[in-house]
């Protein structure tokens with residue numbers, strides 16, 4: 001049954017969103033709640049597997065495409081596209097993910113934070129599914145980077161171990177660099193094609209190859225693919241990632257993380273492979289990786305290390321096939337992706353059982369385990385045989401196809417000889433390291449170096465391995481029935497046309513590929529015997545000990561962090577605030593002068609000027625200059641004068657008919673003045689400095705004044721130029737004409753903020769939340785004195801508190817009677833609600849109402865102090881911030897569910913009893929989120945400041961001394 005239309009769109013949406021939703025939900029579970037996390041993760045993975053399987057009849061004939069418009073003018077849309085290739089990878093991601101969830105249930109210790117493990121696991125599953133079904137190449141690059149970030153967290157899951165942290169960091173740096181290259185590459189490809197939609201890119205034919213930008217785009221894409229799929233010389237991060245829990249290794253390094261690179265190569269194969277550069281770079285990078293990984297695997301003593309290098313080798317095999325750029329080679333590559341995922345996942349799980357039961361993965365301490373683990377041994381032997389390419393197993397068929405493609409005659413003598421010889425040698429080495437795994441672990445005399453006697457794990461822990469081994473057997477015996485239709489759909493989607501004839505039969509007669517397979521089997525046995533007798537005690541990898549990418553990486557990291565970074569910091573960086581601000585202002589001033597050079601003479605002169613407004617500006621200017629002067633002597637006076645300058649700005653806004661700006665400026669002036677005063681009160685008292693005023697100090701002051709005056713005049717001239725420009729007012733006219741008809745409000749400014757440009761507002765309030773959290777995090781270092789009394793609720797909410805601090809606030813604010821401020825509290829709340837409700841039609845709105853509500857809490861802190869307020873009001877600013885962001889996002893997602901672009905607003909009229917017909921817009925919910933976030937951010941900073949205290953007289957003296965020294969440096 002084919003699923004199309006709404007049903008298919010819903011499944012694609014669930015595949016992209018459900019894992020992330022479940023991941024966030026599981027993060028809220030208690031740390032020790034393991035059973036619930038397992039059931040949720042298993043249920044999500046199973047549901048996604050079933051839904052993906054249901055889509056096969058639809059994608060077998062043509063791709064399913066579901067597009068959600070985002071910024072269509074720039075070609076940026078959220079597009080979900082599933083064809084045969086994406087379906088095959090999605091099946092691998094969900095099916096093996098489902099098995100790993102069951103396996104991890106018995107592998108992970110109850111002492112581990114299980115909920116966090118499964119939350120990260122589902123997030124990675126969602127990132128991989130998003131990657132393979134992305135129908136927009138920018139979107140693909142974003143999911144690509146998301147896989148790197150989440151894999152970093154999974155590899156470093158046991159972050160208390162230094163090797164786990166190092167391995168995770170290495171994987172993030174290497175794959176993250178590749179992600180940046182991919183982002184640049186897809187932008188370049190989009191520029192060449194003229195679209196970022198994958199459908200358009202795949203239909204571009206030879207347009208990309210014929211472009212002069214092709215070599216650059218190719219290198220960028222290949223860097224991304226090679227780093228993610230651990231191709232030489234970037235292969236070293238993969239063995240170091242084995243510090244992750246074995247279920248993570250079984251998932252990331254068999255079916256998902258490392259397969260992302262070969263998926264990228266396969267996805268761009270139709271439009272980038274028809275060039276010699278592709279052939280030489282991809283084919284021989286894969287060939288070197290194939291041989292290097294196979295050779296290094298033979299000398300590994302850690303079982304996961306052996307599997308890691310064998311994974312590198314098989315990824316090189318797939319890359320080599322894709323580099324050959326022939327349709328049949330692409331068929332073999334896609335087929336081997338599936339085969340490798342099945343036998344490698346089962347082997348990782350088998351190694352996890354061995355480690356779980358014996359307490360070690362060192363092959364030198366393991367032997368004769370088939371007597372203790374007979375079922376596990378049987379399963380691991382079959383999977384190892386599949387990895388070695390033994391007949392009647394799936395690995396044999398795809399390896400035969402690989403041999404067939406390398407043996408095809410090529411007019412280039414080097415290619416004609418190197419490919420089949422290297423392929424045969426790699427096959428021999430794969431047999432050798434597979435034999436080492438089987439013989440070294442399961443045969444020989446039973447080990448006596450174990451602390452406990454191993455035994456078979458629970459039956460359910462073996463079920464995933466049994467299912468995967470059964471697939472290895474089924475595909476190896478009847479490949480046409482078990483794999484034929486799925487492989488055909490994936491190949492057709494990759495090639496874009498019907499593929500040439502290929503056979504999945506087990507027997508193709510006595511031919512050259514069969515001879516190569518026999519040589520590989522017999523030669524591999526000989527190599528292993530020679531290794532076992534002569535080299536099994538050798539430490540390290542002979543001949544290539546010096547060729548260690550990890551060592552080069554670590555040395556570069558040491559040079560960057562310990563040598564180059566301090567030099568750059570000393571040369572260009574500074575810990576002082578004033579030089580940083582100076583550079584920013586100079587850069588902005590230079591940019592403004594460059595932009596306005598030669599145009600200032602065309603500005604019209606003002607025809608009239610109101611002397612009253614001039615008086616207001618004069619007062620504001622005098623206040624600003626006086627504030628700068630008073631800053632050297634009295635901070636409170638400087639703050640009051642700064643308020644005077646801000647008040648002049650408010651009057652100017654109101655004068656030029658901008659009441660929303662005037663209200664926002666006025667309320668922000670009040671709130672920030674109080675918050676800054678709370679911060680200033682903890683600084684040491686100013687000490688009169690008697691140092692002589694040198695020529696250098698005079699020059700610095702003259703320089704600062706000149707720059708400040710120039711920047712201020714530049715901003716004024718720029719504002720005047722904008723307001724007097726003779727330019728089309730199409731955008732302004734659009735907002736004026738459609739504010740009510742499309743946004744449902746007559747206050748054009750508010751409609752723009754919560755409807756037309758609500759995405760900008762969402763970004764701004766997100767920045768505000770980050771600033772509030774940063775302020776709180778920075779102020780946590782100034783903890784109260786150890787002997788102060790800290791109540792548990794303050795500890796939980798804010799990380800500590802000084803009850804005596806807030807009790808002194810009233811005296812610091814001109815001793816305003818506390819009773820009057822308490823009376824103001826409900827009155828100010830009513831004003832906030834009123835300003836919020838009128839905002840869509842009259843000056844007001846969520847931002848203004850949020851500041852007013854924050855002032856209500858500020859009054860309470862001023863009146864009663866920290867203890868008094870928090871004993872009567874349960875203030876949870878983080879909850880306000882979280883709900884604010886959530887409401888804004890839900891408003892946008894609600895529009896998407898209704899089939900409209902993100903954050904599209906809708907409005908209607910409601911009939912309320914006793915009130916009548918009133919307008920109602922969904923933008924009200926968005927504005928409510930803005931209101932909640934502003935309140936939470938302001939109150940969080942307020943509480944963070946109110947809870948601070950200088951820890952001791954000694955600390956206070958040290959602080960004053962440090963600030964005096966800093967002052968001396970600049971004066």
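Descriptive notes on the structure:
- Paramagnetic reach from residue 69 (point 7 Å along Cα→Cβ, amide N under 11 Å) across the range 881-901: 900-901
- Fewest-first sequence of 71, 353, 527 by Cβ atoms within 10 Å of each Cβ: 71, 527, 353
- Rounded to 0.05, the FRET efficiency of the residue 619 and residue 567 pair, given R0 = 51 Å and the Cβ-Cβ distance, is 0.55.
- Compared with the dominant principal axis of the Cα atoms in the chain, helix 758-779 is inclined by about 80°.
- Near-label residues of the range 347-369 by backbone N, under 13 Å of a point 7 Å along Cα→Cβ of residue 161: 352, 355-356, 359-362
- Efficiency of FRET from Cβ geometry, residue 519 and residue 28, R₀ 41 Å, rounded to 0.05: 0.10
- Extending 7 Å from the Cα toward the beta-carbon at both residue 443 and residue 537 defines two label points whose distance is 2.2 nm.
- Once the Cα-Cα distance is subtracted from the 0.36 nm per residue extended length, the residue 774 to residue 177 segment shows a gain of 212.2 nm.
- In plain terms, the residue of 650, 888 with the fewest other Cβ atoms within 10 Å comes first and the most crowded comes last, giving 650, 888.
- C-alpha long axis of helix 635-655 to longest principal axis of the chain, angle in °: 90
- Over the chain: helical MRE at 222 nm, DSSP H runs n ≥ 4 each giving -39500 (n - 2.57), nearest 500: -23000 deg cm²/dmol
- Simple spin-label estimate for residue 897 and residue 841 gives 2.9 nm between the two label positions (7 Å along the Cα-to-Cβ direction from each Cα).
- Protection-proxy order for peptides 656-663, 878-885, each taking the mean of Cβ atoms within 10 Å per residue, highest first: 878-885, 656-663
- Helix axis angle, 114-132 relative to the chain longest principal axis, alpha carbon, degrees: 80
- Note on residue 654 and residue 731: with the Förster distance fixed at 41 Å, the Cβ-Cβ geometry gives a FRET efficiency of about 0.95.
- Footprinting exposure proxy ranking of 451, 145, fewest other C-beta atoms within 10 angstrom first, gives 451, 145.
- Peptide packing for 903-912, 833-842, 294-303 was compared via the average number of neighbouring C-beta atoms within 10 Å per residue; ordered from the highest value, the list is 294-303, 833-842, 903-912.
Readers should treat all values here as calculations from the given coordinates under stated rules, not as data from a laboratory. The shown structure was predicted, so the numbers you read here are calculated from the model rather than taken from an experiment. Backbone-built Cβ (ideal geometry, glycine too); neighbour counts: all protein chains shown.
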